[in-house]
1. Rounded to the nearest Å, what's the spacing between the alpha carbon centres of the range 1-44 and the range 66-137? Just the number, please.
2. What nm value, rounded to one decimal, do you get for the distance between residue 151 and residue 66 when each label is placed 7 Å out toward the C-beta?
3. With +1 on each Lys and Arg Cβ and -1 on each Asp and Glu Cβ, how big is the dipole of the chain about its Cα centre, in debye rounded to the nearest 20?
4. Order of 45-58, 119-132 by packing, highest average Cβ count within 10 Å first?
5. What is the sum of charges around residue 78, taking Lys and Arg as +1, Asp and Glu as -1, for the other residues whose C-beta is under 13 Å from the C-beta of residue 78?
6. Looking at 158, 109, 142, which one has the Cα that reaches farthest to the positive end of the dipole of the chain (charges on Cβ: Lys, Arg +1; Asp, Glu -1)?
7. Would you mind ranking 164, 1 so that the residue whose beta carbon has the fewest other beta carbons within 10 Å leads the list?
8. In what order do 64, 28 fall by count of nearby beta-carbon atoms within 10 Å, going from fewest to most?
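A short reminder: the numbers here are calculations on the coordinates, not readings from a lab. Since the structure is predicted, the reported quantities are computational estimates derived from the model, not experimental observations. As a convention, Cβ positions derive from the backbone with ideal geometry for all residues, glycine included, and neighbour counts pool all protein chains shown.
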Amino acid sequence: MYLPAHFAETRIEVLQRLIYEQPLAALVTFESGALNANHIPFELDAAPAPLGTLRGHVARANPVWKSHSPEVEALAIFQGAQHYITPAWYPSKRETGKVVPTFNYIVVHAYGTLRVIEDREWLRGLVNRLTNRHEAGRVDPWKVTDAPDDYVDKMLGAIVGIEMKLTKLTGKWKTSQNQPAANRDGVIDGLDELATPQAKAMSALVRETK
C-alpha cells in the first residue's frame, strides 16, 4: 500500500478498533500462482500482544482453506469510513483554482500466516461468539441454541475455521491532512451539510486530524 507519512496511522489500539468496528475483511491469499480474495467477517482477539489474532470461518466448499499457499502470508483488508471530496469545498478553489477531487478513507491491512482449523468445538465457540456479538443490539437476540442441535452440528460440518496470528498491522488514515486548515474546514462544512451517515463519519475523522 502506498503510504505517505502524513497519512500513516501507527497506534495499535486505533487500528484494532477499526477491525472491531468493521469486521468484514477482504482476505487476500496466494493460490496456485495467483491472488485470490474472499470476504469474511473476523473476530479479533487482542492476544498475543501487541497485534493480536484474527479468527473466522469459510464454507467447506470454498477451496481457499486447501489451496492457499501457507508459506505466503495472507492479507486481510478492513475498510472504514470513506467519502468523495469535491474541490468545491476548498476556499483555495476560489483563490487559485489549483485543486482537484479526491477520496478520503481509512483502512487497515493485517498480515499473518493462515492456519486452518477443523475442530468442531473450536468452531462452535467461534460461531457462538460471533453470533452473540452481532445479535447483542437486538431486543430479542438470536442464539445458536435457538436452532436444533442436529441442524447446528450439520452446519458446523459445512464450515472450516481460519486463524491468523498477526505479524504486521498497517493503517492509512487519508482524512485531508495534506490540505491547509481553511480547506479542511471547508471539507468539514461540506460533509456536515450532506448529513449522510458516511459524511458524518468522515467529518468526525477530519476534525480529529485538525
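1. When both Cα centres are located, 5 Å separates them.
2. Result for the modelled spin labels: 2.8 nm.
3. On the way: 24 positive and 24 negative charges, 125 e Å.
Value, rounded to 20: 600 debye.
4. Working: 45-58: 16.6, 119-132: 14.5.
Averaged packing, sorted descending, gives the order 45-58, 119-132.
5. Details: positive: 17, 172; negative: 9, 21, 43.
Every neighbour counted, the sum reads -1.
6. Among 158, 109, 142, the one farthest towards the positive end of the dipole of the chain is 109.
7. Details: 164 24, 1 10.
Arranged by neighbour count, lowest to highest, 164, 1 become 1, 164.
8. On the way: 64 20, 28 17.
Final ranking by Cβ density, sparse to dense: 28, 64.
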